[in-house]
Amino acid sequence: MEPVTFGVLGPVAAWDGAGDALPLKGPRHRAVLARLITARRRVVPVARLVADLWEEPGTGSAGAVQTFVADLRRALEPDRPARAPARLLVTEGPGYALRAAPDGVDAWRFEAAVTDAAGLPPAKALQQLDGAQELWRGPAYAEFAHEDWARSERSRLAELRLGAVEQRARARLDLGQAAEAVPDLHAHVSEHPWREEGWRLLALALYRTGRQADALAVLRRARTMLAEDLGVDPGPGLRRLETDILTQNPRLVLPAEPSGAAARLWNRVATDYDRTVAAGARARLESTVQLVRSLAVTGGGGLRAAQEHRLAAVTAAEEFGDPVLTARVIGAYDVPAIWTRGDDPGQARQIVAAAERALAALPEDGPHTAARGRLLATVALEMRGTRSPRGPRAAREAEDIARRLDDPTLLAFALNGAFMQSCTRAGLAARRDAVGAQLVELAARHGLENFEVLGRLIRMQAHSALGDFPAADGHAAAADRLAERHERPLVGVFTQWYGALRLAAAGRTPEAAYEAAAERLRGCGMPGLERGLVPLARLCLRLADGRTSARQAAEHVDPDDDWGPYRPWIEPYVQLRAGAREDAADLLHAAPEPPADLLYEALCCLQAAVALELGDRTTAARLHARLSPAAGELAGAGSGLISLGPVDRWLTAMSRGSHSV
């Protein structure tokens, strides 16, 4: 069944998989639904719902809430068998939670789109922001404008929407579309005259369309409005722009196209290719995917763009109905991958499905054996973190083909797949180090610099887990040298985070190093790495000393932080912070086993800390069994990013049943 989606960017609504509106009955029903959506998948106690829905609750209010929930369940899951547990609007502990999909609420999709657009090239950012703005059907939580429980969320979304308008204008200016940006900016500052960034962008847009006098007039209007209405002077952005316009500073003009022999050669070749090769030719598609492959290693914006173009290339290849062409297009994207959590699970599933279709159509032996090996390596890479038996099997088959064909490039690709499938349980750092060692030796012998970088980073992570920091330091330094020589800026994201981990492991204060690493992480084009990592690192840092309990650490947990994919393991801390120990226990039990990635041991330790705090020996025993294979390692350090200290210390604490580790 297609998932139900919800709308709060306007009147509260819900739609089934076909896009048809679901009957939500009366205003109280919609209020319950809206209140649960504001909780972002967290439990809202019945008592809280009663207090929010009635100014003067009566004795039957709690029963009324139960009735509203029952009606909503029938509307949201009309095909659910009688007595079968609800899957969407669930009962947990003292209340209810709406377990909508991460992209199942228009406000959540809007927020994600605006956040992601910040790391995209201007054209892609503009396209994404246009789509995000179309999600709005009116003011957020329109019919609950005066409710206290909706006020902060309405304000937050409204602020985010205004920021998106300005972000969209910046993208237009970066694309040279100053004239197109002016009308929207005029309306923006008229409706929201206190936003200095809106005034700044409008003045800049006017200047770039040759309207210098109008630009200065706009800045004077902004100055007058701020002084008369708010009693403040313009900020540094407006003051600097006024000075730059008066002096006609060249930096206000968009930079011209890069000059030089390389730029001229690129333009000539691109022009000749476009003129010579037919628009629908397969050669265009194969050339495109090679370009996309190169784009992926150029930095954050390039990686994000490459990921989008990659799926489009695969889709276009399948339209030819030629599995050999599809196999070449899919297999050509052998971009080394170091992070074992995917950036876009939905796209990964589509890539795997296309690869499986091509595999089914190609003979197992013959001239297409190498193509099959690349498809299998792709399946292994894209199925990272899923614990499906298909992933490890595909990695082994790809490696067997590569060794049989004596194909070093294919072998490096297959070993990358083997690395991605090497987190199926705790304690596999030594296995990952062996994969990294093979990659370093193979890549150095055959000039595969991207895979040599990958091998160094893998060994840096593995030696961190094994507590061998001198060896990890050497691999980090080697990776940085290779990155500088071959212009691979994304490598520094991982080595800088490793530097912060190194400080923490040495007992020094790493906060400043983590802040610097976090800044570099922003816009890196790797949401699978970026989302939730910074607050997770802070929490792990507090627990790594062996003296801080889960309750003490919980005091510093901000439930409104973007915890990304780690939220299920953070929710118990949110409840501990509120003093709700029973709710914390329920959420601890409800959390799934951590995914098969480089943070498996770290998330198990986060659960262990809560179990120790609550005296939950059953859960502690289960976690002890999960972590035992990693005895002798440092928990979480296999990520090369964070650590919660020696696994042995956690195992001892769980054996004793004491939160002091």
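The rows are residues; the columns are (1) aliphatic (A, V, I, L, M); (2) open to solvent by 20 Å² or more (accessible area, probe 1.4 Å).
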{"position": "TRP563", "(1), (2)": "no, no"}
{"position": "ARG567", "(1), (2)": "no, yes"}
{"position": "ILE570", "(1), (2)": "yes, no"}
{"position": "GLN575", "(1), (2)": "no, yes"}
{"position": "ALA578", "(1), (2)": "yes, yes"}
{"position": "HIS589", "(1), (2)": "no, yes"}
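Candidates are the residues of the range 114-141 that are of a type in the set (Gly, Ala, Ser) and buried (at least 17 other Cβ atoms within 10 Å of the Cβ); the one that is nearest to ALA296 (Cα to Cα) is GLY119.
Residue by residue, here is whether (1) over 23 Å from SER287 (Cα atoms); (2) surrounded by fewer than 20 Cβ atoms within 10 Å (Cβ to Cβ) holds:
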{"residue": "ASP334", "(1), (2)": "no, no"}
{"residue": "THR340", "(1), (2)": "yes, no"}
{"residue": "ASP343", "(1), (2)": "yes, yes"}
{"residue": "GLN347", "(1), (2)": "no, yes"}
{"residue": "VAL352", "(1), (2)": "no, no"}
{"residue": "ALA355", "(1), (2)": "no, no"}
{"residue": "ALA358", "(1), (2)": "no, no"}
{"residue": "ALA370", "(1), (2)": "no, yes"}
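Close Cβ contacts (under 8 Å, 6 or more residues apart or on different chains) running from residues in the range 370-397 that are in a loop (DSSP other than H, G, I, E, B) to residues that are of a type in the set (S, T, N, Q) comprise MET383/GLN421; ARG384/THR340; ARG384/GLN421; ARG387/THR424. Counting just the residues of the range 91-105 that are part of a loop (DSSP other than H, G, I, E, B) and more than 17 Å from the chain's Cα centre (by Cα), which one comes out surrounded by the most Cβ atoms within 10 Å (Cβ to Cβ)? Taking the candidates together, the pick is ALA100. Those residues that are modelled with pLDDT under 90 and among the aliphatic types (A, V, I, L, M), I need them from the range 216-237; list them, please. Answer for the range 216-237, where residues must be modelled with pLDDT under 90 and among the aliphatic types (A, V, I, L, M): MET225, LEU226, ALA227, LEU230, VAL232. Residue check: LEU482 meets all listed conditions (1) closer than 22 Å to VAL647 by Cβ; (2) open to solvent by less than 60 Å² (accessible area, probe 1.4 Å) but one, namely (1).
Is it the case that THR224 is farther than 29 Å from GLN127 by Cβ and surrounded by fewer than 19 Cβ atoms within 10 Å (Cβ to Cβ)? When the stated conditions are applied, THR224 passes them.
With respect to being under 20 Å from ALA13 (Cα atoms) and not charged (D, E, K, R), VAL32 fits the description. The numbered conditions (1) modelled with pLDDT of 90 or more; (2) of a type outside the set (Val, Ile, Thr); (3) not in a helix (DSSP H, G or I) are all true for LEU254 except (1).
What number of residues within the range 216-246 satisfy the criterion of being in contact with an Asp or Glu (Cβ under 9 Å, 6 or more places away or on another chain) and of a type in the set (Gly, Ala, Ser)?
Looking only at that region, the number is 4.
Report yes if some residue within the range 48-56 is of a type outside the set (A, V, I, L, M, F, W, C) and at pLDDT below 90; otherwise report no. Yes: one or more hits.
Take the conditions in a helix (DSSP H, G or I) and either at pLDDT 90 or above or closer than 30 Å to GLN461 by Cβ (or both) and apply them to THR298. Does it pass? Against the criterion (in a helix (DSSP H, G or I) and either at pLDDT 90 or above or closer than 30 Å to GLN461 by Cβ (or both)), THR298 does not qualify. Beta carbons closer than 7 Å, at least 6 apart along the sequence or on distinct chains, pair a first residue in the range 316-337 that is over 21 Å from ALA414 (Cβ atoms) with a second that is assigned to a helix (DSSP H, G or I) and open to solvent by 10 Å² or more (accessible area, probe 1.4 Å) for ALA316/LEU285; ALA317/LEU285; PHE320/ARG282; LEU325/ARG282. When the residues of the range 50-84 are filtered to those that are of a type in the set (S, T, N, Q) and open to solvent by 30 Å² or more (accessible area, probe 1.4 Å), the one that is farthest from the chain's Cα centre (by Cα) is THR59. Under the condition of being over 19 Å from LEU126 (Cα atoms), within 26 Å of the chain's Cα centre (by Cα), surrounded by fewer than 19 Cβ atoms within 10 Å (Cβ to Cβ) and of a type outside the set (A, V, I, L, M), the residues counted in the range 300-332 number 1.
Taking the condition more than 30 Å from GLY26 (Cα to Cα) and small (Gly, Ala, Ser), does ALA142 pass? The answer is no for ALA142.
The values are calculated or read from the model by the stated rules, or taken from the named source; none is laboratory data. Quantities reported herein were computed from a predicted structural model and do not represent experimental measurements. Reconstructed Cβ throughout: ideal geometry from the backbone, glycine too, with neighbour counts over all protein chains shown. Only protein heavy atoms, including side chains, enter the accessible area calculation; ligands, DNA and RNA are left aside. Shrake-Rupley method; radii C 1.70, N 1.55, O 1.52, S 1.80 Å.
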